[in-house]
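Input: a single structure, listed below in structure tokens.
The values are calculated or read from the model by the stated rules, or taken from the named source; none is laboratory data. Fair warning: this is a prediction, and the values are worked out from it, not measured in the lab. Please note: Cβ atoms are built from the backbone with ideal geometry, for glycine as well, and neighbour counts cover all protein chains shown. Ligands, DNA and RNA are stripped out before the accessible areas are found, and what is left, the full protein with its side chains, is counted by its heavy atoms. Shrake-Rupley method; radii C 1.70, N 1.55, O 1.52, S 1.80 Å.
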Amino acid sequence: MGRTTKVSGTVTVPGDKSISHRAVMLASMAEGQSRIRGFLPAEDTLRTVGMMIALGVDLQERSPTEILVRGGGMRAFVEPQDVIDAGNSGTSIRIGAGILAAQPFLSIVTGDPYLRRRPMGRIVNPLTRMGAVITGRRENTLPPLCIRGGDLRGIRYEMPVASAQVKSSILLAGLYADSPVTVAEPLPSRDHTERMLLSMGARVVREGNEVTVHPAERLRPLSLTVPGDISSASFFLVLAACVPGSTLHIPSVGVNPGRTGLVSVLRRMGADVRFASPREEGGEPVADIVVHGRGLGAAEVPPEEVPSLIDEIPALCVAASMAEGRTEIRGATELRVKESDRIGAMVRELSALGVSCGEYPDGLWVHGPARITPGTEVESYGDHRIAMSLMVLSAAAGVPVKVSDTACIATSFPGFPEALREVAR
Ligand code: S3P
């Protein structure tokens, strides 16, 4: 069983998931008509659409990737008539809770069995301090969450972990508060919310590791083209980077510095990854990515770098499995509470495939290059990024592997298996 002979061509990745969620939520809060192009039509982001419809927002899907939102303003939401189902989407429930915490009515938000295991105390605590009444299972730490919103006060909040979802949730609630809200982060997390709010006329001030939002009366509507998702692109980046002789183009990808940690690490591993035609679209940096494949070496990933590649660590493990030497990632405890325990999942499944690797409480190591055992059956744990990473490892090694439960890929990247078949022959 040999390597994939060739990874070549152009792959277009769908719209950025984080930006798609935020665009729908913020457009729903704006006064007037917003137009969102390049929207990601995947299960997660459609949960946010469903949440906004449940709150009475007039939202029309002109095509799967184009959405028109007629926002009635920050105070036009209505009490949802039923429980809101956020599905698998941590972003919908956590950032959405920031909006719900400010509404003078009751909302109940639940999710699928994976989401119902994910920690919510991280948003319940600050939003409660601001004045919302939020209850949930296990002493208000697990969904379903019952949110009785109302008048909020400004706070200063030191986040114990870097989290863009938590930061965004507090900032959105802060727009409704009686005085400014300041959030301090231990390490910088992605700043899409801050950028979008600025473009809508909100007062958002960044100073070092702190961001302050001032209360707002109204937000201007959005006209936005969502860039391609670097997290979706990462699977192809890794594939092309570690198969020598490959050339792959990935046009129009968002390259916000808060999201490009994987590219920095791949470059340290010796990869040839270039950002062509860098430009700015809708307040976000965008580029066409060009990757040429060659043999890679190992890398060390320190805790400071983790927030900028938090979702890309499963894909990075694939690159590490193909690379020469020992790659180590530390300071990534957060991975244990993602859609699955991604440290445990990757180490178990890579081990089953014959990769030399092991875990730490806060990370993992991988010693490559591995010889992948053909025909191995591996599990996705219902986690889209685990499923896609294992499929990429199979393609990169040129070894057939059976990944069970790949339906979860629709969470973020419908069409991924077809796109993979297209470029890896
Ligand atoms: C996201 C932030 C990250 C990331 C998640 C999406 C966002 O989570 O893992 O997939 O859109 O804000 P945390 O903010 O919890 O780190």
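Residue 375 fulfils the conditions (1) assigned to a loop (DSSP other than H, G, I, E, B); (2) away from the ligand (no atom under 16 Å from the Cβ); (3) in contact with an Asp or Glu (Cβ under 6 Å, 6 or more places away or on another chain) except for a single criterion, (3). Of all residues in the stretch 228-260, those being among the aliphatic types (A, V, I, L, M) and closer than 18 Å to residue 42 by Cβ number 4. Mind listing just one residue for me: the one in the stretch 276-293 that is touching a residue at least 12 places away in the same chain (Cβ under 8 Å), out of contact with any helix residue (DSSP H, G or I) (no Cβ under 9 Å at 6 or more places or on another chain) and closer than 19 Å to residue 192 by Cα and, of those, most open to solvent (accessible area, probe 1.4 Å)? For the stretch 276-293, the residue satisfying everything is 278. Summed over the stretch 62-94, the residues that are open to solvent by less than 10 Å² (accessible area, probe 1.4 Å) and among the charged types (D, E, K, R) give a count of 1. For the condition closer than 22 Å to residue 190 by Cα, at pLDDT 95 or above and open to solvent by 40 Å² or more (accessible area, probe 1.4 Å), what is the one hit in 115, 127, 46? The unique qualifying residue is 46. What number of residues within the stretch 152-173 are surrounded by 18 or more Cβ atoms within 10 Å (Cβ to Cβ) and within 16 Å of the ligand (Cβ to nearest atom)? Result for the stretch 152-173: 14. Filter the stretch 78-108 down to the residues that are touching a residue at least 40 places away in the same chain (Cβ under 8 Å) and away from the ligand (no atom under 16 Å from the Cβ) and list them by number. Answer for the stretch 78-108, where residues must be touching a residue at least 40 places away in the same chain (Cβ under 8 Å) and away from the ligand (no atom under 16 Å from the Cβ): 83, 100, 101, 102, 103, 104, 105, 106, 107.
Exactly one residue among 199, 232, 252, 189 is at pLDDT 95 or above, on the phi > 0 side of the Ramachandran plot and among the small types (Gly, Ala, Ser), and that residue is 252.
Only one of the numbered conditions (1) within 16 Å of the ligand (Cβ to nearest atom); (2) surrounded by 19 or more Cβ atoms within 10 Å (Cβ to Cβ) is not met by residue 273, and that is (1). In this structure, does residue 138 turn out to be at pLDDT 95 or above, in a helix (DSSP H, G or I), away from the ligand (no atom under 14 Å from the Cβ) and out of contact with any Pro (no Cβ under 7 Å at 6 or more places or on another chain)? Yes: the conditions hold for residue 138.
Scan the stretch 346-355 and tell me whether some residue there is in a strand (DSSP E or B) and free of Cβ contacts under 8 Å to residues at least 60 places away in the same chain. No: zero hits. In summary, residue 193 fulfils each of the numbered conditions (1) surrounded by fewer than 24 Cβ atoms within 10 Å (Cβ to Cβ); (2) touching a Leu at 6+ places or on another chain (Cβ under 8 Å); (3) within 23 Å of residue 334 (Cβ to Cβ); (4) β-branched (Val, Ile, Thr) with the single exception of condition (1). Identify, please: which residue in the stretch 102-123 is aliphatic (A, V, I, L, M) and assigned to a loop (DSSP other than H, G, I, E, B) and is, among those, nearest to residue 76 (Cα to Cα)? By that ranking, first place goes to 102. Of the residues 392, 337, the single one that is of a type in the set (Val, Ile, Thr), open to solvent by 40 Å² or more (accessible area, probe 1.4 Å) and in contact (Cβ under 8 Å) with a residue 40 or more places away in the chain is 337.
Within the stretch 217-254, how many residues turn out to be open to solvent by 20 Å² or more (accessible area, probe 1.4 Å) and either under 19 Å from the mean Cα position of the chain (by Cα) or within 30 Å of residue 398 (Cβ to Cβ) (or both)? The qualifying residues number 7.
Exactly one of these conditions fails for residue 179: (1) more than 18 Å from the chain's Cα centre (by Cα); (2) of a type in the set (S, T, N, Q); (3) within 30 Å of residue 42 (Cα to Cα). Give me its number. Only one criterion is unmet by residue 179, namely (3).
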